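These notes concern the structure reproduced below.
Computed from the coordinates by the stated procedures, all read-outs in this text should not be read as laboratory data. Everything numeric in this text was worked out from a predicted model, so none of it was measured. Cβ atoms come from the backbone with ideal geometry, glycine included; neighbour counts cover every protein chain shown.
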Amino acid sequence: MKADLHCHTHLSDGKHSPAFVIERARANQVTHLAMTDHDVSQALPEPASEHDPKLIAGVEISCLWESFEVHMVGLFVDPTNATLQTLLTQQQIRRHTRVAQIDAKLTALGTTGLLSDLVAKPAIALTRSHIADFLVANGVCKTRQKAFKTHLNRSGKLFVPAQWCCYTEAASAIKTAGGIPVLAHPGRYALNKAKLRRLLESFTAAGGEALEASYPNIAADMNQYLIQLAADNDLYLSTGSDFHDAAAQWTDVGKFPGLERTAAERGIWHHPVWMKDCGASEQ
C-alpha cells in the first residue's frame, strides 16, 4: 500500500486539475489518494480506470491556535455535510475578503487587476500563492519567494492578517462530517518543541485523531519526534506529499519517506473509519 493523504488541485492553490493529480498518483503507484484542497471539499470523481487509486474525500482547513495559523486535514469527510460546508463557505468568504483588501492596497501602489484575475481562475479558495503568481506575472516581483518576503508576509507592503476559524471549530466540523481530523505537517510551523507539544495536546483535546509524520523534506529527528508525540497523545500517523505543482522539484504525488515498520503500526490505515471505507490494508 502507498497512501498519499495530502494533495492539492486547482480548486485551491494547486496547479493542476483533479484528473491530472489522479493520473499522477496512478503513474507513481499510489494506491490511496486524498485530494485535500484548502477550505474546499468537493464530490469525488468517478474512477476512470480500475487502476486508479482508491479516492478518499478530504479537505485542508486553515485555522488558528493561540494566534498561530495551523492547518487541519480532514479525511473521509462527507462533502455534502451541512456543518462542514457552512464552515468552508465562511472560510472562502474570508479568503475573498482578504484578497479584496490586498487588491485595494495593490491598486494604491499602482497595479490593478488582481481581483478580476483571481476570480477568473478555477480556484474556489483564493490563496496568497495566487497573489504571488500575479505579482510575478505583472512584474511587481521577480519570484514568488520575493513576493512573499516583500509584499505578502507580516512586514510586507500588502499584508492583511488572516481571519481563520478556531482549530476547535475545524476539528468539530470534520468529525461532524464523519471524517478524521489530522494535524498537517506539524514540523513546518514556527513553534519550538514545547509549543509543538502543547499544540498536539490541544489538538487531541479538541478531537484530533492523527498527525502527519511523513512529508517531503521532513528532517529525521522531527520525524522521530512526531512519532513520539503521536504515541504520547494516542494519535494515528498519516502521510502525504502536500503536492501542488508537477514542476516543483521538491515534491510529487506519492513521493515522501515511508514510515518505519514500528511507526506504521500506528498508521491511519488502522483507524476504524479507514477500515470501514477501505478495508484492511497492508503497509
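So if I take the centroid of the Cα atoms in region 200-228 and the same for region 14-72, what is the distance between those two points in Å?
19 Å
Which of rounded, prolate, oblate describes region 1-157, given a ≥ b ≥ c as roots of the alpha-carbon gyration tensor eigenvalues and a/c under 1.5 marking rounded, otherwise prolate only if a/b is larger than b/c?
prolate
Where does the longest stretch of the chain lie that holds no GluC sites (Glu not before Pro) found in a DSSP loop with 16 or fewer other Cβ atoms within 10 Å?
Maximal segment without exposed cleavage sites: 67-259.
Which value in deg cm²/dmol, rounded to the nearest 500, describes the helix-derived mean residue ellipticity at 222 nm for the chain, given -39,500 (n - 2.57) per DSSP H run of n ≥ 4 and division by the residue count?
Calculated from helices alone, the mean residue ellipticity at 222 nm is -11000 deg cm²/dmol.
I'd like the antiparallel share, as a percent to the nearest 5, of DSSP beta bridges with both residues in the chain.
Around 40 percent antiparallel, to the nearest 5.
For region 193-210, list residues with backbone N below 17 Å from a point placed 7 Å from the Cα of residue 224 toward its Cβ?
193
Among the aspartates and glutamates, which fall within straight-line cross-link reach of residue 121, defined as a Cα-Cα distance under 13 Å, with same-chain neighbours fewer than 8 residues apart omitted?
Reachable aspartates and glutamates: 13, 133.
What is the distance in Å between the Cα centroid of region 81-130 and that of region 239-283?
Taking the Cα centre of region 239-283 as reference, the centre of region 81-130 is 31 Å away.
Residue farthest toward the positive end of the dipole of the chain, with Cβ of Lys/Arg at +1 and Asp/Glu at -1: which of 173, 152, 34?
It is 152.
So for the chain, averaging the separation of alpha carbon pairs under 8 Å that are six or more residues apart and normalising by length, what relative contact order in percent results?
21 percent
Once phi is turned into ³J(HN,Hα) by the Karplus curve 6.51 cos²θ - 1.76 cosθ + 1.60 with θ = phi - 60°, what whole-Hz value does each residue of region 81-89 show in order, with x for glycine and proline?
Those phi angles translate into 4, 5, 5, 5, 5, 4, 5, 5, 5 Hz.
Measuring from label point to label point, each 7 Å out along Cα→Cβ, what is the residue 248 to residue 198 span in nm?
Taking the two extended label points, one gets 2.9 nm.
Taking the chain, how much of its Cα-Cα pair set, in percent, is spaced more than 36 angstrom apart?
Summing the P(r) of the chain above 36 Å gives 12 percent of all pairs.
Leaving out same-chain residues fewer than 8 places away, which lysines sit with a Cα under 18 Å from that of residue 105?
Those lysines meeting the cut-off are 146, 149, 157.
For the residues 77, 59, what sequence is obtained by ranking on other C-beta atoms within 10 Å, fewest first?
Neighbour counts put them in this order, fewest first: 77, 59.
The chain: longest stretch without exposed trypsin sites (Lys or Arg not before Pro) (DSSP loop, at most 11 other Cβ within 10 Å), sites themselves excluded?
That would be 1-141.
Tell me, what HN-Hα J-couplings in whole Hz come from the Karplus equation 6.51 cos²θ - 1.76 cosθ + 1.60 at θ = phi - 60° for each residue of region 56-71, using x for Gly and Pro?
10, 5, x, 7, 10, 9, 7, 8, 10, 10, 6, 6, 8, 7, 10, 10
Using the Cα centre as the reference, give the magnitude of the dipole from point charges on the C-beta atoms of the chain (Lys, Arg: +1; Asp, Glu: -1; all else neutral), rounded to the nearest 20 debye.
Dipole about the Cα centre, nearest 20: 1120 debye.
I want to make sure I understand the PRE zone here: with the label point 7 angstrom from the Cα of residue 107 toward its beta carbon, which residues in region 159-191 have backbone N atoms less than 17 Å away?
So the set is 159-160.
Rounded, prolate or oblate for region 153-263? Axes are the square roots of the Cα gyration tensor eigenvalues, ordered a ≥ b ≥ c, and the cut-off for rounded is a/c under 1.5.
Because its axes are fairly even, with a/c under 1.5, region 153-263 counts as rounded.
FRET efficiency for residue 100 and residue 66, Cβ-Cβ distance as r, R0 = 30 Å, nearest 0.05?
FRET efficiency, residue 100 to residue 66: 0.65.
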